[in-house]
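We did not get these values from a lab; they are worked out from the coordinates using the rules stated. The model shown is predicted, which means the values in this text are computed figures rather than measured ones. Here the Cβ is made from the backbone with ideal geometry for all residues, glycine too, and neighbour counts use every protein chain on show.
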Amino acid sequence: MQSSEKHPLMKPLIDFFYKWEKETPNSVYLRQPTGESWTEYTWGEVGSQVRRMVTVLKDMNLPPQSNIGLVSKNCAHWIMADLAIMMAGHVSVPFYPTLTDEKIKEVLDHSGCKVLFVGKLDSWETMKGGIGSHIRSIAFPYSPSEEAGYEKWNDLIAAKKPYKDSPSPQLEDLFTIIYTSGTTGTPKGVMHTYFTMASSVRYAIPVLKISSVTDRFFSYLPLCHIAERAIVEIASLVSGGSISFVESLETFGKNLASVQPTHFLAVPRIWTKFQQQILLKMPQKKLNLMLSLPIISGIVKKKIKKALGLTQAKLMLTGAAPMPPSLLKWFHKLGIKIQEAYGMTENGGACTLMRDNNVQIGTVGQPYPGCEIRILPETSEIVMKADWNMTGYYKDSEKTAETIQNGWLHTGDMGEYKNDFLRITGRVKDQFKTSKGEFIIPSPIESSFADNENIEQVCVLGRNLAQPVALVVLSEVGRLKTQSHKQDVHDNISQMLKNINKDLQSFEKLQQVIVCKEPWTVENNVLTPTQKIKRNILEENFGSRLEKWFEQNDKVLWE
């Protein structure tokens, strides 16, 4: 593994900003939608606002490398604030914009932030109580927190002159603390230095086809998450490309179609929703017919790509959660070649990537250059080693020592590694034991549901039951069908259960499928902000009822 600082990409991220600010000051960098129009900020304009905010931060006389918080939905000022924190010599600590007052207080207290940037938020009323008066808070334009009497970004920078210096931090300086989404409890603060970020940039950028000022990035997944930070913010700084943001959930499709990005990252649930949208307009039987006709097939594929906003995409990624192989194959038939990526906050999101010229569906691709992978024989846990692994968890040396051993990062994921391809088989902590004493790995069973267009979400549970059961949430297609043909959907799921059980060992066979009333969302605390299912929450919510349902003879139950 190499870590030479002489490599052209081995430099602090802020240095890339200085390059484009100087060389392309009139080129558009950030694009913020409002209704039918876009507010565009050039590299020079961004530099002016950032440098004025640096003056504001410098006037606070904070100790060097102070932790500064940032809580907001993705927007132009999120990037500006992060750049200002870097330029001022401090450490950015971004938080999820969906946190409650209790959770924001927890991470603010743990990180010790004395300053907090507050931006676009949908849940401000349920968050604001957790932000103490001792924290100096600065409101972005159009932030609901402006009403709380916080100092306003525009007012502060209007009164200041731009900071003239262009300081470069040392590579070993702390760049950011990224709090995990907390699928199983208290979030952990992952520390990354400028060196770990530069190392991942050095090896990942060429593989990710990030190369030109014409690159267009579309930002909507939380920027406080490592994947969006790397594939959007960091990639744009390296390439000199532009970032366009989404205005709201309602305008997502319109904004995406307007931007036609060159790089697009989506978690599996979003790809599933895209599939459902397509099938609502063109049922599978009709789609199959259209794709079987040579000339019509090309027209249909182009039309679908244009409607989704992916006609110009040279890199389409999925990550953060398992992507069913059947869904990848489905999109591949449409000419939409989704590449699966695997990583985590602790390794900068960079472990493996499916190369578009070497696809092996069912795996998450091959390691990035400079990354080593091993499988522990006792537990099948994936461990990896790279220069860009985190330096540790903030204020938690015990957990750090447990996670990184002799330079090897213990991922907590289970897998198989053959012929340079990695396959994920589950999470070590997701395993559960039935009352018969048998261990169940739920992920492969859950993947078996992916081919059913009536089902959007699934979670296999069964701790202390004699056999596991599956909780499912219907897709939009499934919900529409139940309004007039509920029995058909019931029969379809019943038949699917029989088909799945045929391929399972006796102790793995599903006792029942339970159709849940409500979708699982971030708002009802079943999904993390990155769309991962919180199994522990579902176990809490359904635990007492599972035993009663289990005693019933019906194979498909409706909540």
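Would you mind getting me the FRET efficiency between E540 and K22? Use the beta-carbon distance for r and R0 = 41 Å, nearest 0.05. Using R0 = 41 Å, I get an efficiency of 0.15. Approximating the spin labels as points 7 Å out from Cα along Cα→Cβ, the K114-to-L376 distance works out to 4.0 nm. Length available on full extension from Q505 to I296: 0.36 nm per residue minus the Cα-Cα distance, which gives 70.9 nm.
Label sites at W549 and H485, each approximated as a point 7 angstrom past Cα along Cα to Cβ, lie 2.5 nm apart. Size check on the chain: the Cα extents along the three principal axes, sorted descending, read 73, 58, 51 Å. What the Cβ-Cβ distance of E250 and E151 gives, at R0 = 30 Å and to the nearest 0.05, is a FRET efficiency of 0.45.
Taking a point 7 Å out from the Cα of E518 in the direction of its Cβ, none of the residues of the range 197-235 has a backbone N less than 15 Å from it.
Please give the charge dipole size of the chain, origin at the Cα centre, charges +1 on K and R Cβ atoms and -1 on D and E Cβ atoms. Round to the nearest 20 debye.
1460 debye
Can you tell me the FRET efficiency between D165 and L9 if r is taken as the Cβ-Cβ distance and R0 is 22 Å, rounded to the nearest 0.05? Efficiency at R0 = 22 Å is approximately 0.40.
Distance from the Cα centre of the range 312-358 to that of the range 92-167, in angstrom? Measuring centre to centre over Cα atoms gives 34 Å. Quick one: grab the alpha carbon gyration tensor of the range 30-97, order the square roots of its eigenvalues as a ≥ b ≥ c, and give me rounded if a/c is under 1.5, else prolate or oblate depending on whether a/b is larger than b/c. Because a/c hits 1.5 or more and a/b fails to exceed b/c, the range 30-97 counts as oblate.
Under 1.5 on a/c is rounded, so check that first for the range 413-455, then, if it is not, pick prolate when a/b is larger than b/c and oblate when it is not; a ≥ b ≥ c are the square roots of the alpha carbon gyration tensor eigenvalues.
Note, shape of the range 413-455 comes out oblate.
Along the axis of the charge dipole computed for the range 283-377 (Cβ charges of +1 for Lys and Arg, -1 for Asp and Glu, origin at the Cα centre), the listed residues L317, S297, I373 are led at the positive end by S297. Per-residue ellipticity at 222 nm from helix content only, as computed over the chain with -39500 (n - 2.57) for each DSSP H run of at least four residues, stands at -10500 deg cm²/dmol.
Can you tell me how much longer the chain between T39 and K337 gets when fully stretched, taken as 0.36 nm per residue apart minus their C-alpha distance, in nm with one decimal? Display every interim value, and only then the final one.
Working: separation 298, 0.36 × 298 = 107.28 nm, distance 3.17 nm.
Extra length available between T39 and K337 comes to 104.1 nm.
With the cut-off at 1.5 for a/c, could you classify the range 413-559 from its C-alpha gyration tensor as rounded, prolate or oblate? It comes out rounded by the Cα gyration axes. Once the Cα-Cα distance is subtracted from the 0.36 nm per residue extended length, the E559 to A401 segment shows a gain of 52.5 nm.
In this rough spin-label picture, where each label sits 7 Å from Cα along the Cβ direction, the E102-T126 distance is 1.2 nm. With contacts taken as Cα pairs under 8 Å at a separation of at least 6 residues, the range 415-559 carries a relative contact order of 19 percent. Label zone of Q276 (point 7 Å out along Cα→Cβ, amide N under 18 Å): in the range 226-270 this covers 249-254, 266-270.
Relative contact order of the range 224-339: 31 percent, from C-alpha pairs under 8 Å at least 6 residues apart in sequence. Using C-alpha pairs below 8 Å separated by at least 6 residues, the relative contact order for the chain is 11 percent. Ordering 346-358, 322-334 by mean Cβ neighbour count within 10 Å, with the highest value first, yields 346-358, 322-334.
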